[in-house]
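First the structure, in the form of structure tokens, and then the observations on it.
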Amino acid sequence: MHAIVADDHPLFREAAGARLSRLLPGIDIAEAADFSGLRQLAAAGAAPDLVLVDLNMPGMDGADGIRRLVEAFPRAAVVLMAGLATETDVREAGRA
């Protein structure tokens, strides 16, 4: 299984990756600190099964970023994370 943890906080990326490794031994985890990093992984041919992504990281642009993420990784399960998000943010992201 291949996963991407995308968040602008390095300690969160590390903690999320460690937790995934404990839950899913043998998982391959890539990291991205912003939406540009996610695009680079897509361009490199990364085909994740799972993407954990911060809704508010640099370059994400809310629901539009989620749409672009789903286009870049159409087979991946996308899990959104956000320290702060409005009900509207969550609803729009879910539609995306």
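From D49, D7, D61, D28, which residue is under 24 Å from A85 (Cβ atoms) and in contact with a strand residue (DSSP E or B) (Cβ under 7 Å, 6 or more places away or on another chain)? Working first, answer last.
Numbers: D49 fails: under 24 Å from A85 (Cβ atoms); D61 fails: in contact with a strand residue (DSSP E or B) (Cβ under 7 Å, 6 or more places away or on another chain); D28 fails: under 24 Å from A85 (Cβ atoms).
The conditions single out D7.
For segment 70-89, check the following and say yes or no: at least one residue is in contact with a Lys or Arg (Cβ under 8 Å, 6 or more places away or on another chain), open to solvent by 60 Å² or more (accessible area, probe 1.4 Å) and part of a loop (DSSP other than H, G, I, E, B).
At the first step, the residues of segment 70-89 found to be in contact with a Lys or Arg (Cβ under 8 Å, 6 or more places away or on another chain) are 72.
Then drop every residue that is not open to solvent by 60 Å² or more (accessible area, probe 1.4 Å), which leaves none.
No: segment 70-89 contains no residue that is in contact with a Lys or Arg (Cβ under 8 Å, 6 or more places away or on another chain), open to solvent by 60 Å² or more (accessible area, probe 1.4 Å) and part of a loop (DSSP other than H, G, I, E, B).
Taking G37, is it without any contact (Cβ under 8 Å) to a residue 60 or more places away in the chain and within 14 Å of the chain's Cα centre (by Cα)?
Working: without any contact (Cβ under 8 Å) to a residue 60 or more places away in the chain: yes; within 14 Å of the chain's Cα centre (by Cα): yes.
When the stated conditions are applied, G37 passes them.
Which residue pairs have Cβ atoms closer than 9 Å, lie 6 or more positions apart in sequence or on different chains, and pair a first residue in segment 11-30 that is free of Cβ contacts under 8 Å to residues at least 40 places away in the same chain and closer than 14 Å to P48 by Cα with a second residue that is surrounded by fewer than 17 Cβ atoms within 10 Å (Cβ to Cβ) and of a type in the set (S, T, Y)?
Qualifying pairs under 9 Å: I27/S21; I29/S21.
Within segment 58-69, which residues are part of a helix (DSSP H, G or I) and not basic (K, R)?
G62, A63, D64, G65, I66, L69
At pLDDT below 95, charged (D, E, K, R) and within 11 Å of the chain's Cα centre (by Cα): does that describe D54? Before you say what the answer is, go through the steps one by one.
Details: at pLDDT below 95: yes; charged (D, E, K, R): yes; within 11 Å of the chain's Cα centre (by Cα): yes.
The answer is yes for D54.
Is it true that E14 is acidic (D, E) and at pLDDT 90 or above? Give the derivation first.
Working: acidic (D, E): yes; at pLDDT 90 or above: yes.
For E14, the condition - acidic (D, E) and at pLDDT 90 or above - is met.
The values are calculated or read from the model by the stated rules, or taken from the named source; none is laboratory data. No experiment lies behind these values; they were computed from the predicted model shown. Note that each Cβ is placed from the backbone with ideal geometry, even for glycine, and that neighbours are counted across all protein chains shown. Accessible surface is based on the protein model in full, side chains and every heavy atom, while ligands, DNA and RNA are left aside. Shrake-Rupley method; radii C 1.70, N 1.55, O 1.52, S 1.80 Å.
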